[in-house]
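Structure record follows, encoded as structure tokens.
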Amino acid sequence: MGKKVFELDFRGRKIIVEHGEMAKQANGSVLVRYGDTVVLSTVVVSKNANVLADFFPLMVLYQEKLYSVGKIPGGFIKREGRPTENATLAARMIDRPMRPLFPENFRNEVQIVNTVLSVDQDNSPELTALFGSSLATSISCIPFDGPIAGVKVGRVNGEFVLNPTSEQLEASDIDLTVAGTKEAINMVESSAKQVEEDVMLDALMFGHEAIKELIAFQEEIIKEIGQEKMEYDVLEITEELKQEVSLLAKDRLDAALRIKDKLEKYDAIDKIKEEIVNKYQTENESTLKEEELQELITKVKLVLEQIEYEIFRQIVVKEHTRADGRKMTEIRPLSTDIDILPRTHGSALFTRGQTQSLSVTTLGALGEHQILDGLSLEAEKRFMLHYNFPAFSVGETGRYGAPGRREVGHGALGEKALLQVIPSEDEFPYTIRVVSEILESNGSSSQASICAGCMSLMAAGVPIKAPVAGIAMGLITDGDDYTILTDIQGMEDHLGDMDFKVAGTRKGICALQMDIKIRGITKQILKEALAQAKEARMEILDVMEKQIKEPRKEVSKYAPKTMTFMINPAKIKDVIGRGGEMITKIICEASNVSAVTDVNAVKVDLEDDGRVIIYHSNQDIIDKTANMIKDITREVEEGKIYTAKVVKIEDFGCFVQVWPGCEGLVHISQLAKERVKKPEDVVKLGDEIIVKAIGTDKKGRLNFSRKEALK
């Protein structure tokens with residue numbers, strides 16, 4: 001098959017798909033051009049399946065190549081290394097809507113790799129990769145219930161904008177990414193500037209209409225070049241085995257699923273499953289080969305999981321009760337506390353049922369911002385939220401090391417939510433870092449992080465625009481019947497069909513994230529879920545505001561104080577000095593330290609516009625530093641009279657210091673009204689005299705006159 005090219009005029013911008021020229025040995029590959037953004041999307045499936053595996057081995061990669069934006073990687077190693085946070089989030093954004101559309105019993109390993117080759121900042125490489133991933137998979141032999149597509153929605157001056165440019169996004173109060181099939185939405189990721197629920201719902205529907213156009217384009221391509229889908233091995237389970245296991249387990253699992261305490265419930269379920277698996281193991285180990293026995297045990301485990309799944313749905317959808325006895329809209333017990341940690345700049349503890357976040361806020365100088373070595377226009381950020389999920393939070397042992405994709409994703413969601421209320425750099429000239437330590441988890445720890453993080457910010461004295469709270473909603477379907485759950489816990493997330501997280505203020509939504517395990521959800525379900533989430537958010541905000549109603553007026557005594565003032569930008573070089581000599585001298589002298597790296601050294605940020613920001617916990621040191629900088633940058637006004645100190649005497653006159661760093665010449669002819677034979681007849685070293693600024697000489701040196709001042 002030769003090269004084929006397909007084109008679509010998508011709302012005034014071209015999407016071009018090329019197939020048959022690149023990466024031809026992959027099971028599916030397409031080169032997608034969206035404006036000047038170019039992404040190569042490939043998919044490969046393993047020939048053999050591990051049918052005994054208990055998960056579908058799907059890997060989605062989003063590879064940022066810095067040559068795509070004309071950059072050379074920073075640091076010593078001049079090649080791309082581990083994925084950036086943005087690349088990790090982009091890979092998750094592609095994985096989330098695609099994963100539920102593979103067959104449930106498919107166990108062949110699948111790898112989807114997106115290589116970003118060229119980036120036009122006005123045409124999203126992430127959405128181009130999502131489109132390419134869907135199309136490459138759909139035209140391949142891999143079974144996939146797609147295609148899917150995604151778009152970005154903004155709102156500028158009250159009007160929705162599809163796939164906004166960088167400039168439009170800057171002016172937008174919504175940054176929404178929505179993905180789905182032609183029938184329904186199945187993934188949402190959004191930040192918003194306190195937008196009302198009805199507006200967000202309309203934005204979702206606006207985005208879905210555009211998605212239908214992209215899917216129709218994919219279907220045309222699939223019809224022309226799509227391959228026949230492969231046959232794959234599955235684990236066949238007889239009805240006889242299903243009934244046999246059901247008789248042994250159904251009633252006992254039903255009782256266990258109704259236990260309210262998480263650990264007690266999970267222990268009871270695990271014990272039942274273990275007993276039944278051991279029964280089959282013992283009864284068959286003497287008659288079956290090892291491979292056959294392993295297959296039987298796997299089948300028994302799958303049947304037990306299916307029974308658990310069906311009972312759970314029966315309890316929620318048919319009986320309208322929840323496993324822990326709550327009502328459908330009821331939030332678990334809430335508790336809050338602040339100032340847990342005496343030496344941190346701000347700390348807060350938020351507990352909701354068996355989910356608990358300890359969040360800590362740290363304030364630093366603007367120069368301590370995070371530098372971003374990625375494909376976006378943004379080169380740095382001054383607000384960060386980091387999320388840590390230790391294994392002990394769920395009573396388990398586990399791996400400890402660099403954060404995984406889930407931790408990066410949860411932290412990014414919390415960061416999006418709180419970023420909407422963070423004061424500007426001019427209002428609050430600090431770098432701000434919030435860290436959420438999850439101490440207990442039984443559902444929606446990311447939203448607990450938002451609540452705890454918000455309180456820790458207020459406790460730290462960060463003047464946020466309004467308190468923010470978050471809640472996770474769930475969905476349980478059974479045929480056409482469905483139930484929406486407020487504040488889902490772990491089992492409701494695991495066995496449910498939707499995880500819909502909404503964070504916001506009393507005024508509106510700040511962040512939104514939705515993942516579903518079914519093909520999609522309707523507008524009505526979205527509307528109901530948003531309304532229920534709003535009620536829950538108000539209830540949580542009530543509890544948070546009882547603990548701390550508004551940000552403290554001052555930062556912690558352990559946080560750096562700050563002073564900001566302006567200098568002439570042309571004087572910045574004088575403050576820095578040759579090789580940084582002057583700024584080093586200022587820092588060391590003002591702080592009384594020997595090196596600028598000393599923990600007690602004052603921090604000084606010099607901005608290109610002439611803004612000077614000084615940080616230290618001691619106000620006296622800040623004042624001293626400011627005075628030293630002002631002395632260097634202060635400019636002498638011609639015609640003004642100053643008090644000056646004689647610092648050097650020559651035959652032709654004397655040199656005087658008006659302030660440290662500012663010296664000039666009083667010529668012998670300008671020392672007195674009468675004629676002066678020797679400067680020593682009028683002044684001595686160390687004398688303080690009044691002088692008038694009379695301009696500069698040909699070399700640009702300051703000249704002063706005592707004679708004029710005496711007049």
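Structure above, values below:
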| quantity | calculated |
| --- | --- |
| Some residue of region 588-600 being at pLDDT below 95 and charged (D, E, K, R) | yes |
| Close pairs from region 645-659: first part of a strand (DSSP E or B), partner acidic (Asp, Glu), Cβ under 6 Å, at least 6 apart | Lys645/Glu688; Val646/Asp687; Phe655/Glu663; Gln657/Glu663; Trp659/Asp631 |
| Residue among Arg701, Arg675 that alone is surrounded by fewer than 18 Cβ atoms within 10 Å (Cβ to Cβ) and closer than 26 Å to Ile583 by Cα | Arg701 |
| Pick from region 218-234, criterion of a type in the set (A, V, I, L, M, F, W, C) and touching a helix residue (DSSP H, G or I) at 6+ places or on another chain (Cβ under 9 Å), ranking: nearest to Leu8 (Cα to Cα) | Ile221 |
| Qualifying residue in region 74-83 (condition: closer than 25 Å to Asp122 by Cβ, surrounded by 19 or more Cβ atoms within 10 Å (Cβ to Cβ) and not basic (Lys, Arg)) | no |
| Selected residue [in contact with an Asp or Glu (Cβ under 9 Å, 6 or more places away or on another chain), of a type in the set (A, V, I, L, M, F, W, C) and surrounded by fewer than 24 Cβ atoms within 10 Å (Cβ to Cβ)] from Leu485, Leu495, Leu439 | Leu495 |
| Test: residue in region 386-409 that is modelled with pLDDT of 90 or more, of a type in the set (A, V, I, L, M, F, W, C) and under 20 Å from Ser347 (Cβ atoms) | yes |
| Set Val30, Val38, Val45, Val5: member being exposed (fewer than 14 other Cβ atoms within 10 Å of the Cβ) and among the β-branched types (Val, Ile, Thr) | Val5 |
| Filtered residue count, region 534-586, keeping only those that are over 21 Å from Ser449 (Cβ atoms), among the β-branched types (Val, Ile, Thr) and either in contact with a Pro (Cβ under 8 Å, 6 or more places away or on another chain) or not assigned by TED's automatic domain parsing to the domain that holds Asp609 (or both) | 3 |
| Qualifying residue in region 132-145 (condition: in a strand (DSSP E or B), of a type in the set (Val, Ile, Thr) and buried (at least 19 other Cβ atoms within 10 Å of the Cβ)) | no |
| So Ala529, is it touching a residue at least 12 places away in the same chain (Cβ under 8 Å), in contact with a Ser or Thr (Cβ under 7 Å, 6 or more places away or on another chain), in a helix (DSSP H, G or I) and not acidic (Asp, Glu) | no |
| Close pairs from region 131-160: first in contact (Cβ under 8 Å) with a residue 24 or more places away in the chain, partner among the basic types (Lys, Arg) and not in a loop (DSSP other than H, G, I, E, B), Cβ under 9 Å, at least 6 apart | Ala149/Lys212 |
| Arg382 vs. criteria under 27 Å from the mean Cα position of the chain (by Cα) and basic (Lys, Arg) | yes |
| Residue satisfying condition, being touching a residue at least 12 places away in the same chain (Cβ under 8 Å) and closer than 17 Å to Asp175 by Cα, within set Leu495, Leu413, Leu457, Leu475 | Leu413 |
| Which numbered condition Thr361 fails, given (1) buried (at least 20 other Cβ atoms within 10 Å of the Cβ); (2) hydroxyl-bearing (Ser, Thr, Tyr); (3) modelled with pLDDT under 95 | (3) |
| Which numbered condition Leu176 fails, given (1) surrounded by 22 or more Cβ atoms within 10 Å (Cβ to Cβ); (2) aliphatic (A, V, I, L, M); (3) under 30 Å from Lys223 (Cα atoms) | (3) |
| Some residue of region 323-331 being under 44 Å from the mean Cα position of the chain (by Cα), more than 22 Å from Asp478 (Cα to Cα), modelled with pLDDT of 90 or more and surrounded by 17 or more Cβ atoms within 10 Å (Cβ to Cβ) | yes |
| Test result for Glu209, free of Cβ contacts under 8 Å to residues at least 24 places away in the same chain and under 38 Å from the mean Cα position of the chain (by Cα) | yes |
| Region 532-559 - residue that is assigned to a loop (DSSP other than H, G, I, E, B) and among the β-branched types (Val, Ile, Thr) and, of those, farthest from Arg99 (Cα to Cα) | Val555 |
| Matching residues, region 597-628, being surrounded by fewer than 19 Cβ atoms within 10 Å (Cβ to Cβ) and of a type in the set (Ser, Thr, Tyr) | Thr597, Ser617 |
| Selection count, region 161-173, where residues are surrounded by 21 or more Cβ atoms within 10 Å (Cβ to Cβ) and touching a residue at least 24 places away in the same chain (Cβ under 8 Å) | 1 |
| Selected residue [of a type outside the set (A, V, I, L, M) and within 21 Å of Thr165 (Cα to Cα)] from Gln63, Gln121, Gln111 | Gln121 |
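A quick yes/no check of all residues on (1) part of a helix (DSSP H, G or I); (2) among the polar types (S, T, N, Q); (3) free of Cβ contacts under 8 Å to residues at least 12 places away in the same chain:
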{"residue": "Glu240", "(1), (2), (3)": "yes, no, yes"}
{"residue": "Lys250", "(1), (2), (3)": "yes, no, no"}
{"residue": "Val277", "(1), (2), (3)": "yes, no, no"}
{"residue": "Thr298", "(1), (2), (3)": "yes, yes, no"}
{"residue": "Lys327", "(1), (2), (3)": "no, no, yes"}
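The values are calculated or read from the model by the stated rules, or taken from the named source; none is laboratory data. Everything numeric here is computed off the predicted structure, so don't read it as measured data. For neighbour counting, all protein chains shown are included, and Cβ atoms are generated from backbone atoms with ideal geometry for every residue, glycine included.
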